[in-house]
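Input: a single structure, listed below in structure tokens.
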Amino acid sequence: MSKIKEGHNFEEITEGAEYKPGELIIRYAPKADISSRTKTEKESILNSLGGAKIKRNYKNVMDLTLIELPPGQTVKDALKTYNRNSEILYAEPNYKIKITSAVSS
């Protein structure tokens with residue numbers, strides 16, 4: 001995972017970066033008891049934000065989820081909506097990652 005620059009604005013798409021249209025990676029805000037959110041809780045939050053669908057839940061980071069936006073909702077618009085919601089810790093485009101060097105053995 002890449003290092004996030006100090007002062008990074010999650011409401012904006014990083015200039016020049018490639019990403020998959022119609023998808024966001026989101027992390028739900030922690031619950032008061034610090035437990036992970038249930039599938040039903042996650043779906044309820046998504047429905048309140050326009051009806052995105054869960055594509056994948058990541059196990060290595062609690063409550064990190066890949067979602068598919070509903071038809072008609074752009075990544076640019078969704079970033080503002082999701083990042084301004086108190087139930088979402090952060091949302092970002094599903095950026096394409098490029099390997100720029102390899103380690104030789």
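Any read-out appearing in this document is the output of simple, stated calculations on the displayed coordinates, not a laboratory observation. Everything numeric in this text was worked out from a predicted model, so none of it was measured. Please note: Cβ atoms are built from the backbone with ideal geometry, for glycine as well, and neighbour counts cover all protein chains shown.
Step through the residues of region 92-100 one at a time and calculate ³J(HN,Hα) from phi using the Karplus curve (6.51 cos²θ - 1.76 cosθ + 1.60, θ = phi - 60°), rounding each to whole Hz and writing x for Gly and Pro.
In residue order, the calculated couplings are 8, x, 7, 5, 7, 9, 10, 7, 9 Hz.
Once Lys and Arg get +1 and Asp and Glu get -1 on their Cβ, which of G50, A102, I67 lies farthest toward the positive end of the dipole of the chain?
A102
Hey, got the dipole for the chain? About the Cα centre, +1 on K and R Cβ, -1 on D and E Cβ, debye to the nearest 20?
Computed about the Cα centre, the dipole is about 320 debye.
List the aspartates and glutamates whose alpha-carbon lies under 14 Å from that of K98, not counting same-chain residues fewer than 8 positions away?
Once the sequence-local aspartates and glutamates are set aside, what remains near K98 is E18.
In straight Cα distance, which aspartates and glutamates are under 17 Å from K20, not counting same-chain residues fewer than 8 positions off?
E11, E12, E68, D77, E92
Report Rg(Cα)/(2.2 N^0.38 Å) for region 19-95, keeping two decimals.
Scaled against compact globular proteins, the figure is 1.00.
Can you list residues whose amide H is under 5 Å from K55's amide H, if they're 5+ apart or on another chain and H is modeled 1.01 Å from N?
L66, I67, E68
Residue by residue through region 41-56, which ³J(HN,Hα) values in whole Hz follow from phi under the Karplus form 6.51 cos²θ - 1.76 cosθ + 1.60 (θ = phi - 60°), with glycine and proline marked x?
Taking θ as phi minus 60°, the curve returns 4, 4, 5, 5, 5, 4, 4, 5, 9, x, x, 5, 10, 6, 9, 7 Hz for region 41-56.
Can you tell which of E68, E41, E87 shows the greatest fluctuation in a Gaussian network model of the chain with Cα springs below 10 Å?
Fluctuation is largest for E41.
If amide hydrogens are placed 1.01 Å from N in the peptide plane, which non-local residues have theirs closer than 5 Å to the one on G22?
V75
For region 13-61, I need the span (max minus min coordinate) of the C-alpha atoms along each principal axis, in Å, sorted largest to smallest.
39, 24, 17
Could you check the simple spin-label distance between A17 and K98, using points 7 Å along Cα→Cβ, in nm with one decimal?
Between A17 and K98, the simple spin-label model gives 1.4 nm.
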